[in-house]
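The values are calculated or read from the model by the stated rules, or taken from the named source; none is laboratory data. Computed from a predicted model, the values in this text were never measured in an experiment. Neighbour counts are summed over all protein chains in view; Cβ atoms, including those assigned to glycine, are modelled from backbone coordinates with ideal geometry. Quick note on the areas: whole protein, heavy atoms, side chains included, nothing else; ligands and nucleic acids left out. Shrake-Rupley method; radii C 1.70, N 1.55, O 1.52, S 1.80 Å.
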Amino acid sequence: MFNDIGPLELVTIVVLAVLVFGPDKLPKVIQDVTRTIRKIREFSESAKHDIRSELGPEFKDFEFEDLNPKTFIRKQLDNDDLGLKEIRNGFDLKKEMAEVTDAVNSRDSEASSSSSPSSSAPSSGGRIDMAKKPEAPGDDDRPPFDADAT
């Protein structure tokens, strides 16, 4: 519960507790706090037991920790019934990307080699020049009028 409290923080909490409650009332406060924590734990366990009994025998292996999404996904991925380990091990992303890159590069080289050298248009190897600005419409070109839009 308090796994992330270091020794310095613990000493600070004890000193503050002594200063706030005083050395004579501190033992009673500690007893009250531990009694409250114990009651909360008993209430929690009782609620878990009631929920398990209401769910029936189908959910006898139900764990409330599985409701955490990370735990649930980890448990389902580690389950060997789905065969996900074989799929994960059989899929090589680098190999697939290399195949796709080779296919794209061979298609580009085929397209550039099939174009005739006597053509007057400059060949860019099937690539589109993104730096080129689109041609501006002429002064006499009007945008289409939509009567329904007004």
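Summary of computed values
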{"read-out": "Check on K48, touching a helix residue (DSSP H, G or I) at 6+ places or on another chain (Cβ under 8 Å), assigned to a helix (DSSP H, G or I) and not β-branched (V, I, T)", "value": "yes"}
{"read-out": "Pair list, Cβ < 9 Å and 6+ apart or interchain, from region 31-45 residues that are open to solvent by less than 80 Å² (accessible area, probe 1.4 Å) to residues that are of a type in the set (A, V, I, L, M)", "value": "I37/M1"}
{"read-out": "In region 1-16, residue nearest to the chain's Cα centre (by Cα) [restricted to those that are open to solvent by less than 80 Å² (accessible area, probe 1.4 Å) and either at pLDDT 90 or above or among the aromatic types (F, W, Y) (or both)]", "value": "T12"}
